[in-house]
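One structure is given here, and the rest of the page talks about it.
The values are calculated or read from the model by the stated rules, or taken from the named source; none is laboratory data. Because the structure is a prediction, the values reported are computed rather than measured. Every residue, glycine as well, gets a Cβ built from its backbone with ideal geometry; the counts of neighbours run over all protein chains shown. For accessibility, only protein heavy atoms count, side chains too; no ligands or nucleic acids. Shrake-Rupley method; radii C 1.70, N 1.55, O 1.52, S 1.80 Å.
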Amino acid sequence: MSGITEPRSTTKRVLQANIWLVYLFFYAPILVLVIYSFSDSRNVGAWGGFTLDWYRDFGDSSAAKGALSNSLKIAVVSTIVAVVLGTISALALERFTFRGKQVFDALLYLPIIIPDVTMAVMLLLFFSEAANIFGFSKGFATITLSHIAFSISFVSIVVRARLAGMDDKLEEAAVDLYATKWQAFRHVTLPLIMPGIIGGALLAFTLSLDDVVITEFVTGPGWTTLPVYVFGLIRKGVTPLINAISVVMLVASMGLVALSLLTDRARGESAEIE
Amino acid sequence: MTAAVDIKGVTKRFDDVYAVDDIDLSIADGEFFAMLGPSGCGKTTTLRMIAGLEFPTMGSLKIFGEEVGTLPPNKRPVNTVFQNYALFPHMSVLDNVSFGLRMNKVDKTTAAKKAHELIELVQLSGMEKRRPSQLSGGQQQRVALARALVNEPKVLLLDEPLGALDLKLRQEMQGELKSLQRELGVSFVFVTHDQEEALTMADRIAVMHNGKLLQVGTPEDIYERPANRFVADFIGQTNLLDAVVEDDDMIILENGTRLMAPNPLPPGTKVAMSLRPEAVDIGPRGTVPAEHQKTSLEGVVESMTYLGHALDYTVKIGWIDLEVRADAVHAEQRFQPGDEVAVWWDRTSDWVVAD
Amino acid sequence: MTATLEPEASIDADVATPEFEAAREQQKRRQGLFMALPAYLYLFVFFVIPLVIVIVYSFATRTRFGTELSGWNIDSYRRLGDPLVRDILLRSTTLAVITTLICLLLAYPFAYYMSTRSEKTRNLMLVFVMIPFWTNFLVRNYAWRVILGSDGPYSRLSEAIGFGEGRLLFTNVAVILGLVYGFLPFMILPLYAAIERIDGRLLEASRDLYASGFQSFRHVLLPLSMPGVVAGSILVFVPSLGAYVTPAILGGAKTTLLGSYIVTQFLSARDWPFGAALSFVLMAVMLTSTIVYFRKGGRTL
């Protein structure tokens, strides 16, 4: 397929200006935030010389560190469970037919497009009803269970896209060459969909680390996550500490993007023959 | 001798569609066997059933006398060269070729040794470490061959093995495949939609259409003595003239013309007479040789196409157009559209097929 | 997992029969279902049941002590007509529509220009769209709070230019800005996917057939990229309508939106039935738009 050819000069200049405008729009605020996080001034919007104090404050704040550790614990556990469930369901949907497949397929899309406020409400009511019946207190378990509920779909869709791009003749070739179904999965399917699984895992991890609304609804005493903690701080007022924490979260996000790009590259290479 | 592959009454149904409809087929050991037909005719499904990638809805499928119809692919002594090769993209050439041996728990040194032998056989020595994506189409095809053959299959199955190659490479590989097969003495069963490929390579050809096996025979059988209208039409180019049988020797065309065409069919049977364009001679009216009087027709040249080595005429014979191919070099005379001509042929070169 | 992937179970037959084939088929189906089951059950328990509970709650009665799951009524839905609620719904919809339009206006030329570039440039451009997409939403909204805050870069800049201390923070404009900032990648990505798929020769053909640049956009490019336009619009409109974080950070008391209003019902007003009804409305909007999208031949969001 031939690509779309270049537009003419005036149009082109307008289009180019738009590109730079959008990128400026995307990155200027982030840059501003990073700069001000090093500003030695109590006033968030003013520059008062370079300092690392606010990062030190973050390091000294047991509340912030506790929230960070909560966030990480929840993200790790929910990612692992979501990756396992999401990957197996992707295999089922892409390689098998079964009763109720279409319903399941549609159901998988819902957590992705549903607004997080709605999902938060759903889970809040669900856990309060469940707590009435089973008597448990909200916290790590309720947050993690909720994060898994929206992450499964993302993992499943990413892995499924990878599976769909993989020639299913490869699995046939493996069993034709004396592999059992399990060996075919282990030696052929799994390595080939691995970039998809890693991509899905990074997405699930990011989503879990980012979530504010749902977590705020289903959290319990002692289980404040970092975004919920920061959100609480912001609502009380803007402080330089928030700038520092925000930049740390920003750097973490960037790290995850970098990782996902690397796996993306690997994906591109091994996909060449398809 | 036990047949390499013996298929009896095999049917494969997908929902309500009969992909393969009650076929019987026997492939001898050491035979180069082609399954030919248009896409969707059931040839690939048949191949996949032999491989074990599909299970027959019913029927018996034996490989060297052993019933395998219900065995999974990894328990069958056959291997497949897949369409577009299906090489494992994440493995080196060596790992691809030794895959089957490793799965069969052959020890590593032996596996590597055998894999190297096969890589040498297909002339890819030195490329062991490459990934499939770093190979040309022809090289990928050789890896696919080596990967299947290293397991010493009792029958090698090939699904459109040359389909992805360009014309020149395809012709080259045709020769190589054929000599490889002779050297190894293993039966090759290959599926193709290309009739020329089937004619040049196969010892025997099975022609399939709509899930049915229409004819099995040598290339000569198939080309010169097609079993029915479809085979005649599908293999090569031909003229099909509708007719009714008069007796053993004669048929009557739609317009009442009586032509000599030996046939075993009862009088009154509706038939078609197949006449290859290259079997027909063309000349001015009145020049039909005496011995061809009862195998000739008169008409008017409608068009002429110059092909370099040959001349293609379309001759209008009253109700039908007849394609005639004349040798460009030896033609005594060339005709132009509008010329009144006669066409004739040898009584052995027409062939009557039942409708 | 070994067990689930191993189909060679107990079907004994020598020669293939329809029964054998059917049994194999059934076995494969069962295996598929078995593999889908864990995720299926998980979503049933933690998504479908909660969904049903929300619907049930929306018909319940609010009492002084909380929610009474009896005395079913549709009062919560009647309240959607209250002037206050109507205002909120109207304002949320307006803001979401404006956000979607601005995103579309910025993203369409962006995605189009991107698809005219070489593959290398395209991939690079894509990466720089993906980064904000992956970056913490809260942090990105907070950045605007810093910029727009009193004494922040924005007010300094506007004073320097001589516009005086134009105050944006805690206004609808700030909310729209935050929403556009947050959701623009959701518009660019599906648009790009849709436009990139279009065969460039079609545009050339339209120009060859005397279409002006605008005509060829109007009659060829736009219709062909429609699935991307619709997908992107849904992905921006629905979360904008339900936005909670952005108005909380950038909006003021007078800019309550549907999302924040729902949260209020649960976290402070403790009017769960009404909150459930509002959530259900939001969900209904989402479902309707998605169903319409898929009906119109859209494939994936």
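Separation of the range A:193-209 and the range C:130-196, taken as the distance between their Cα centroids, equals 27 angstrom. Quick one: among C:Leu191, C:Leu37, C:Leu179, which has the greatest mean-square fluctuation in a GNM of chain C with alpha-carbon springs under 10 angstrom? Between C:Leu191, C:Leu37, C:Leu179, it is C:Leu37 that shows the largest mean-square fluctuation. Entry comment: accessible area of chain B is 44 Å² per residue, from protein heavy atoms only and a probe of 1.4 Å. Counting each DSSP H run of 4 or more residues in chain B as -39500 (n - 2.57), what helix-only mean residue ellipticity at 222 nm follows after dividing by all residues, to the nearest 500 deg cm²/dmol? Mean residue ellipticity, 222 nm, calculated: -7000 deg cm²/dmol. Scaled against the 2.2 N^0.38 Å expected of a compact globular protein of N residues, the Cα radius of gyration of the range B:1-117 reads 1.21. Split the accessible area of the range C:81-298 by element, probe 1.4 Å, and carbon with sulfur accounts for 66%. Average projection, convex hull of the Cα set of the range B:70-204: 8.4 square nanometres. When exposed loop sites are taken as GluC sites (Glu not before Pro) in a DSSP loop with at most 15 other Cβ atoms within 10 Å, the longest stretch of chain C clear of them is C:9-164. Using the Karplus equation 6.51 cos²θ - 1.76 cosθ + 1.60 (θ = phi - 60°), what ³J(HN,Hα) coupling, rounded to whole Hz, does each residue of the range C:33-44 give in order, writing x for Gly and Pro? Each residue of the range C:33-44 in turn: 4, 4, 6, 6, 4, x, 5, 4, 4, 4, 5, 5 Hz. Applying the Karplus relation 6.51 cos²θ - 1.76 cosθ + 1.60 with θ = phi - 60° to the range A:115-128 yields 3J(HN,Hα) values of x, 5, 4, 4, 4, 4, 4, 4, 6, 4, 5, 4, 6, 5 Hz, where x marks Gly and Pro.
Annotation: lysines with alpha-carbon distance below 29 angstrom to A:Lys138 (same-chain offsets under eight excluded): A:Lys65, A:Lys73, A:Lys236. Temperature 25 °C, viscosity 0.890 mPa s: under these conditions the Stokes-Einstein estimate for chain B, based on its Kirkwood radius over C-alpha pairs, is 107 µm² per second.
What the range A:130-274 shows is 36 Å² of accessible area per residue, with the surface traced by a 1.4 Å probe over protein heavy atoms. Between B:Met208 and B:Leu36, B:Gly37, B:Leu214, the built amide H atoms are under 5 Å apart, and every one of these is 5 or more places off in sequence or on another chain.
Between the residues C:Ile291, C:Leu90, C:Leu257, the greatest Cα displacement towards the positive end of the dipole of the range C:81-298, with unit charges on the Cβ of Lys, Arg, Asp and Glu, is found for C:Ile291. In whole angstrom, the range A:61-273 maps to an equivalent ellipsoid with semi-axes of 36, 22, 13, each derived as √(5λ) from the alpha carbon gyration tensor and ordered largest first. Computed about the Cα centre, the dipole magnitude for chain B is approximately 2060 debye when only Lys and Arg (+1) and Asp and Glu (-1) carry charge, each at its Cβ. Across the range C:32-84, Cα-Cα pairs farther apart than 14 Å form 66% of the total.
What shape does the range A:109-202 take by its C-alpha gyration tensor, where a ≥ b ≥ c are the square roots of the eigenvalues and a/c under 1.5 counts as rounded, a/b above b/c as prolate, and the rest as oblate? The shape class here is prolate. The ratio of the alpha-carbon radius of gyration of the range C:55-140 to the globular-protein estimate 2.2 N^0.38 Å is 1.88. Relative to the Cα centre, the charge distribution of chain A, modelled as +1 at Lys and Arg Cβ and -1 at Asp and Glu Cβ, gives a dipole magnitude of about 300 debye.
For the protein assembly as shown, the Stokes-Einstein estimate of translational diffusion at 20 °C and a viscosity of 1.002 mPa s comes to 64 µm²/s, using the Kirkwood hydrodynamic radius over alpha-carbon pairs.
Between A:Gly220 and A:Gly139, the built amide H atoms are under 5 Å apart, and every one of these is 5 or more places off in sequence or on another chain.
A:Ile19 contributes about 10 Å² of solvent-accessible surface, heavy atoms of the protein only, 1.4 Å probe.
A straight Cα-to-Cα reach below 13 Å connects B:Lys212 with the aspartates and glutamates B:Asp21, B:Asp22, B:Asp24, residues fewer than 8 places away in its own chain not being considered. The C-alpha radius of gyration of the range B:256-355, expressed as a fraction of 2.2 N^0.38 Å, stands at 1.10. The ellipsoid that matches the Cα gyration tensor of the range C:18-168 has semi-axes, each √(5λ) in whole angstrom, of 45, 35, 16, with the longest given first. Of all the options A:Ala17, A:Ala67, A:Ala174, the one that moves most in a Gaussian network model of chain A with Cα springs shorter than 10 angstrom is A:Ala17. In the range C:81-298, one over the average inverse separation of all distinct C-alpha pairs is 19.3 Å, which is the Kirkwood hydrodynamic radius. The phi-based Karplus calculation (6.51 cos²θ - 1.76 cosθ + 1.60; θ = phi - 60°) puts the 3J(HN,Hα) values of the range B:301-311 at 5, 9, 7, 9, 10, 8, 10, x, 7, 9, 10 Hz, whole numbers, x for Gly and Pro.
Largest GNM mean-square fluctuation across C:Leu90, C:Leu222, C:Leu209, computed for chain C with C-alpha springs under 10 Å, falls on C:Leu209.
If I model the range C:139-252 as equal point scatterers sitting on the Cα atoms and use the Debye formula, what is log10 I(q)/I(0) at q = 0.12, 0.17, 0.18, 0.20 Å⁻¹? For the range C:139-252 at q = 0.12, 0.17, 0.18, 0.20 Å⁻¹, log10 I(q)/I(0) is -0.62, -0.82, -0.86, -0.95.
Quick one, what does Rg over Rh come out to for the range B:156-264 if you take C-alpha atoms and the Kirkwood Rh? Taking Rh as the inverse mean 1/r over Cα pairs, Rg/Rh reads 1.10.
Peptide A:248-255 shows a mean partner chain C-beta count of 4 within 10 Å per residue C-beta.
Close amide H contacts of B:Ala261 (hydrogens built in the peptide plane, cut-off under 5 Å, sequence separation of 5 or more or a different chain): B:Met250, B:Ile251.
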